Structure formats: structure tokens, C-alpha cells
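Report on the following structure.
The values are calculated or read from the model by the stated rules, or taken from the named source; none is laboratory data. None of these values were measured; they are calculated from a predicted model. A quick note on method: Cβ atoms are made from the backbone with ideal geometry, for glycine too, and the neighbour counts reach across all protein chains shown. To get the accessible areas, we keep the full protein, side chains included, count just its heavy atoms, and leave off ligands, DNA and RNA. Shrake-Rupley method; radii C 1.70, N 1.55, O 1.52, S 1.80 Å.
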Amino acid sequence: WSSDVCSSDLFLNGYVGKRPVIALDLPNAGESDKILDPAEITIAAYARYAAAALDALNIQEVDVIGRYSGGQVAMELTRLKPGTVKHIIHAGIMLFDDAELADLLANYTPTIAPQWDGSHLVTAWACLRDMSLFWPWYNRTKSGVMRRDAAIDAASLDARVQDLLKIGDTYRNAYAASFTYPMAERMKECDVPMLVVEFAGTGAHARLGLAKAAAPRVAIADLSENPAAWPALFDGFFTS
């Protein structure tokens, strides 16, 4: 999450040196302190901490790019602090029917609690590898294959595993909060311009149409595989 442009480094890099950029790790994740009880993790709770950070930094207005739960936090922030968020770019969208939601809650987040034999490390590594190959990651069949180049090079996979291990089993609460967030309802209510983007070939790409159906005011676009192309798309939206 970040104040002007937010999400992973790939989303931030195109703006460094061009406009103010502030990246915020949400509570319990990344380098943030574990200040939120896992049982109390909700998107609304995340938004309260994001709002407090903006207040502490005396930031009055922001554009936000959020991936998955980051976009949800931005929408919740529009309810908490009206007028603060000027544009939302939501990369990845969580819109599920009841059967999909039940399946994801039951299977998507196996425990990575430390084990004496280190098997939790294998679990974390394999899950993150397969998240780049299948949707959902445990549907290792032809129907689950994502039709795009997988981000499974050693450097990026290692970085993602380290990030997951920093949050530990609290990631299960974080995913559950994102999966169960009332996306369709919040998108309909949101009066801030919103662009929903996703890579073609991912499991979430088909949800672009669902987002448009749920909230016709929302703009949708495919996300290029080349990060250098993203600022042009994003800037066009920010200035529209």
C-alpha cells in the first residue's frame, strides 16, 4: 500500500523521482510491527491504520494503486476519510461466488507454522511457486493452468517466500479478510474513479468483466507484461 502509488516494487518503480511515492506495509506484514491481533484483521482495520499513517505524514490527498487487498483498503479508506483518495487503480480483483469462496477459504492458505523438520519452508515455497502456475494454486490440472509466463525465477520466488515467512500464519487471516470483503457492494458504492487491471491469462483476468458488471462506472484494462508500459496506462487514468 502506498500514498501516491502503491503495491509491489514493480508498481512503484515507474514513479520514483517523478512524483511523491510512499509505500506502507500493512500491519503484521513486511517490515511493519505486529500491532494487529490476527483475529481482528479486516480490510476496515487495515484502512484505519493506513488513515493514521496518512494523518501522521500530513498527507491530504492521494492516488492509490493497490494489488488485491491493497485496492480494497483504498475503497475502505474512501468511506473512512471522504475526499482523501482521488483515484484508485485496483490490480487484481476478488469477486467470487459462494462455492468459490468456500473452496478458497478451505484450501488456499495451508499452515506455514514452523515445523521441526523445516517442512513449512517447503510448503511456503511450493505454494508460492504454484500461485504463478495455476488458479487456484492447488488446482494442478489442465483447467487450472494460467496462460502466461510464470514468475518463478529464483530471485522473485525467494523474495516472495521471505515476505510470506515474515507474516507467518497470520497470512491466513489476511487472505480470509480479502476473500470475504464485500467487493461488489463496495465497488457499487465507491464514488472515486476506479480502474481495475489484470494480466491476461491469470485466474483473476476473467473477473474484469465481473467487476464491470457489478459497477458499470469502473474502468477495466489488461495489464502489460512489461512494467515499463504501466506508467503510461496509469497516468492516463490519473489525469482523466
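Numerical summary
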read-out	value
L165 out of contact with any Gly (no Cβ under 9 Å at 6 or more places or on another chain) and closer than 17 Å to Q72 by Cα	no
Candidates R160, R186 - the one that is modelled with pLDDT of 95 or more and not aliphatic (A, V, I, L, M)	R186
Region 86-99 residues that are within 21 Å of D191 (Cβ to Cβ), paired with ones that are acidic (D, E) and assigned to a strand (DSSP E or B) (beta carbon under 9 Å, 6 or more apart)	K86/D63; H87/D63; I88/D63; I89/D63; A91/E198; I93/E198
Any hit, region 104-121, residues being touching a Lys or Arg at 6+ places or on another chain (Cβ under 6 Å) and either open to solvent by 30 Å² or more (accessible area, probe 1.4 Å) or on the phi < 0 side of the Ramachandran plot (or both)	yes
Members of region 31-44 found to be farther than 14 Å from Y171 by Cβ and buried (at least 17 other Cβ atoms within 10 Å of the Cβ), listed by number	T42, I43
Condition check for I220: modelled with pLDDT of 90 or more, out of contact with any Phe, Trp or Tyr (no Cβ under 8 Å at 6 or more places or on another chain) and not polar (S, T, N, Q)	yes
Among (1) open to solvent by 60 Å² or more (accessible area, probe 1.4 Å); (2) assigned to a loop (DSSP other than H, G, I, E, B), the one test that L10 misses	(2)
Matching helices (runs of 4 or more DSSP H) fully within region 124-240 where at least 1 residues are in contact with a Pro (Cβ under 7 Å, 6 or more places away or on another chain)	170-179
Members of region 122-159 found to be touching a Ser or Thr at 6+ places or on another chain (Cβ under 6 Å) and either free of Cβ contacts under 8 Å to residues at least 24 places away in the same chain or open to solvent by 50 Å² or more (accessible area, probe 1.4 Å) (or both), listed by number	A150, A151, I152
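Condition check ((1) aliphatic (A, V, I, L, M); (2) outside any loop (DSSP other than H, G, I, E, B)) across all residues:
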site	(1), (2)
G30	no, no
D33	no, no
A39	yes, yes
A45	yes, yes
R48	no, yes
Q60	no, no
